[in-house]
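As structure tokens, the structure follows; a few thoughts come after it.
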Protein chains: 2
Amino acid sequence: MVTVRVLVSLKPSLLDSAGRTVTNSLKGLHFDEVHNARIGKTITLTMESYDEDRVKAMCEKLLANPVIEDYTIEVLP
Amino acid sequence: MVTVRVLVSLKPSLLDSAGRTVTNSLKGLHFDEVHNARIGKTITLTMESYDEDRVKAMCEKLLANPVIEDYTIEVLP
């Protein structure tokens, strides 16, 4: 079994309003060292076998919206 | 500037209904090698300085719900 982590995040040029809210809340809690926070999602897949092209196809078809989101694929040890 | 990634996921003992739906959808798209998918969230923090205890405090107070969620902290190179 292979564990694959797909990280999906909004493209950097887009305003991340949830991230903005988290940034402001952290500052409100006196965590002033935080400059910026951006929120994304993680999909952890447990797979029989790993094929990068097939995982990319999953991202393009279902896991991410390629118009507004970027994704990165990490195979966990 | 330090970039820190916080991964928040539901505790493994809890049913992840969104992940269940993704698993079923992937199978419907003939990605049969996927056994299981679980969904979490990622908070990417851009910080002036990194102190593990302070980031843990952020998680406990705001970023995660420690009753139902686990979190891991990764400092990105």
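Of the set (1) in contact with a helix residue (DSSP H, G or I) (Cβ under 7 Å, 6 or more places away or on another chain); (2) within 18 Å of A:I43 (Cβ to Cβ), all apply to B:G28 but (1). The residue list A:A64, A:A57 contains one member that is of a type in the set (A, V, I, L, M), under 21 Å from B:T21 (Cβ atoms), more than 9 Å from chain B (Cβ to nearest Cβ) and surrounded by 14 or more Cβ atoms within 10 Å (Cβ to Cβ), which is A:A64. Exactly one residue out of A:V8, A:V55 is touching a helix residue (DSSP H, G or I) at 6+ places or on another chain (Cβ under 7 Å), modelled with pLDDT of 95 or more and over 24 Å from B:K61 (Cβ atoms), and it is A:V8.
The lone criterion from (1) over 19 Å from A:S25 (Cβ atoms); (2) crowded, with 19+ Cβ neighbours inside 10 Å left unmet by B:M1 is number (2).
Could you tell me how many of the residues in region A:10-43 are of a type in the set (V, I, T) and surrounded by fewer than 19 Cβ atoms within 10 Å (Cβ to Cβ)? The qualifying residues number 1. Against the conditions (1) free of Cβ contacts under 8 Å to residues at least 40 places away in the same chain; (2) buried (at least 19 other Cβ atoms within 10 Å of the Cβ), A:L7 satisfies every one except (1). Which members of region B:10-29 meet the condition of being touching a residue at least 24 places away in the same chain (Cβ under 8 Å) and of a type in the set (K, R)? Of everything in region B:10-29, just one residue is touching a residue at least 24 places away in the same chain (Cβ under 8 Å) and of a type in the set (K, R), namely B:K11. Under the condition of being acidic (D, E) and under 21 Å from B:K27 (Cα atoms), the residues counted in region A:22-73 number 5. Whenever a residue of region B:30-47 is at the interface with chain A (Cβ under 7 Å from one of its Cβ atoms) and over 22 Å from B:T72 (Cβ atoms), its partners that are of a type in the set (A, V, I, L, M) and not in a strand (DSSP E or B), lying with C-beta atoms within less than 6 angstrom and at least six residues away or across chains, give the pairs B:F31/A:M58; B:V34/B:L26. When region B:1-29 is examined, which residues are found to be within 20 Å of A:Y50 (Cα to Cα) and facing chain A (nearest Cβ under 7 Å)? Those that are within 20 Å of A:Y50 (Cα to Cα) and facing chain A (nearest Cβ under 7 Å): B:V22, B:S25, B:L26, B:L29. Quick check, is B:K27 within 17 Å of the chain's Cα centre (by Cα) and basic (K, R)? So B:K27 fails the test. If the condition is being closer than 23 Å to A:E69 by Cα, among the aliphatic types (A, V, I, L, M) and assigned to a helix (DSSP H, G or I), then region A:1-35 contributes A:A18, A:V22. Please enumerate the residues belonging to region B:36-77 that are farther than 19 Å from A:A64 by Cα and assigned to a strand (DSSP E or B). Residues satisfying the conditions are B:L45, B:T46, B:M47, B:E69, B:D70, B:Y71, B:T72, B:I73, B:E74, B:V75, B:L76.
The values are calculated or read from the model by the stated rules, or taken from the named source; none is laboratory data. Computed from a predicted structure; not experimentally measured. No Cβ is skipped: glycine too gets one built from the backbone with ideal geometry, and neighbour counts run over all protein chains shown.
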